[in-house]
Amino acid sequence: MTSHGLSGRLTRYGDDRFARFLREAFLEAMGLTPAAFDRPVVGIASTASDFNPCHATAPQLIDAIRRGVTMAGGIPFAFPTISIHESFAYPSSLLLRNLLAMDTEEMLRALPLDSVVLVGGCDKTLPAQIMGAISADVPALVAPVGPMLAGADLMCGIGLLEDSSSLFYEQIVIDDEIVAAISRLVRGEWADEDTMALDIIEKVGSGKNFLAQRHTLQHLKSDHFMPNLIDRRSFDAWSADGSKTLVAKAREKTKWILANHQVPPLDPDVQRGLAAVIAKAKKAK
């Protein structure tokens, strides 16, 4: 009888065969076959909690770990431990760190594990988990939950204020510039033979003026984000130019757009498509 995997650390009923039989019965009810009982068991210590926003990514991370363990031939078993958060623990999360370490240690001693993946984050949780794993003398891998995700909570659309109940032209113009800046950041940089421009570097030489090169000017226009409203100049230059606020500049641009913007005509194919939709709707009446 093996002493690792799900056959290890049998409950002390006084009869190991009965303890294994009872464990196998429960595991088969979970969908596991006897062939899986002797495979290595990798525990996944989870600190996911609704009271711990920093660990909001834990469920997705645990799912990925489950897949990896299974593909490697092991059996993943996730189990919870207490979860502590700086802003949701009274009187202080520091007082609970040792309790988490003891919780982790005792669970690792009690469960039939061959190794464990510690899923957690923060300066309280990770040290506690590591201390618990060291004390339990169980092979452990730390899988930090990573930076806290704030989520994508778009409360209203571009230019909308007051819970989307009003539209502000100046806000549309401001939001448009912010979206353009973010889009440029998201696009990132692409490194290839053209953008690296090693031939230009060799031609001009280190420490020389690259701004006069046509290659630099071409990429400056396409790759460098140039804001219209956001002022990057010095405070003195901004003051000398009238100290215009962002809203004031947005109002000027709004007035110019309303006075000068010409709506481009629709593509002929689009016009024909719309006409067909309208004709069909009229015919249906």
Sort through 173, 263, 204 and tell me the only one that's surrounded by 14 or more Cβ atoms within 10 Å (Cβ to Cβ), more than 38 Å from the chain's Cα centre (by Cα) and of a type outside the set (D, E, K, R). 204
Pairing a residue in the stretch 30-45 that is under 19 Å from residue 117 (Cβ atoms) with any residue that is modelled with pLDDT of 85 or more and of a type in the set (D, E, K, R), where Cβ atoms lie under 8 Å and the two sit 6 or more apart in sequence or on different chains, gives 40/114; 41/114; 42/114; 44/66
For residue 83, state whether it is closer than 30 Å to residue 7 by Cα and modelled with pLDDT of 85 or more. yes
Does residue 82 satisfy the condition of being within 24 Å of the chain's Cα centre (by Cα), among the aliphatic types (A, V, I, L, M), surrounded by 14 or more Cβ atoms within 10 Å (Cβ to Cβ) and in a loop (DSSP other than H, G, I, E, B)? yes
Scanning the stretch 129-147 residue by residue, those part of a strand (DSSP E or B) and either within 14 Å of residue 98 (Cβ to Cβ) or in contact with a Gly (Cβ under 6 Å, 6 or more places away or on another chain) (or both) turn out to be 144
Here's a check for you: in the stretch 55-79, which residue that is part of a loop (DSSP other than H, G, I, E, B) and in contact (Cβ under 8 Å) with a residue 60 or more places away in the chain is farthest from the chain's Cα centre (by Cα)? 56
Which one of 245, 254, 216 is touching a helix residue (DSSP H, G or I) at 6+ places or on another chain (Cβ under 7 Å), surrounded by 10 or more Cβ atoms within 10 Å (Cβ to Cβ), outside the structural domain of residue 55 (by TED's automatic domain parsing) and modelled with pLDDT of 80 or more? 254
Would you pick out the residues in the stretch 197-250 that are touching a residue at least 12 places away in the same chain (Cβ under 8 Å) and either in contact with a strand residue (DSSP E or B) (Cβ under 7 Å, 6 or more places away or on another chain) or part of a helix (DSSP H, G or I) (or both)? 200, 215, 216, 219, 223, 246, 247, 249, 250
Residues being under 16 Å from residue 41 (Cβ atoms), charged (D, E, K, R) and not in a helix (DSSP H, G or I) - total across the stretch 1-30: 1
Condition test on residue 21, is it in the same structural domain as residue 113 (by TED's automatic domain parsing) and surrounded by fewer than 17 Cβ atoms within 10 Å (Cβ to Cβ)? no
Do you know which of the residues in the stretch 106-128 that are assigned to a helix (DSSP H, G or I) and of a type in the set (Gly, Ala, Ser) is surrounded by the most Cβ atoms within 10 Å (Cβ to Cβ)? 128
I'd like to know if the stretch 91-105 contains one or more residues that are surrounded by 18 or more Cβ atoms within 10 Å (Cβ to Cβ), more than 18 Å from residue 52 (Cβ to Cβ), of a type in the set (D, E, K, R) and at pLDDT 90 or above. yes
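The values are calculated or read from the model by the stated rules, or taken from the named source; none is laboratory data. These numbers come from a predicted model, not from an experiment. Every residue, glycine among them, receives a Cβ derived from its backbone with ideal geometry; neighbour counts consider all protein chains shown.
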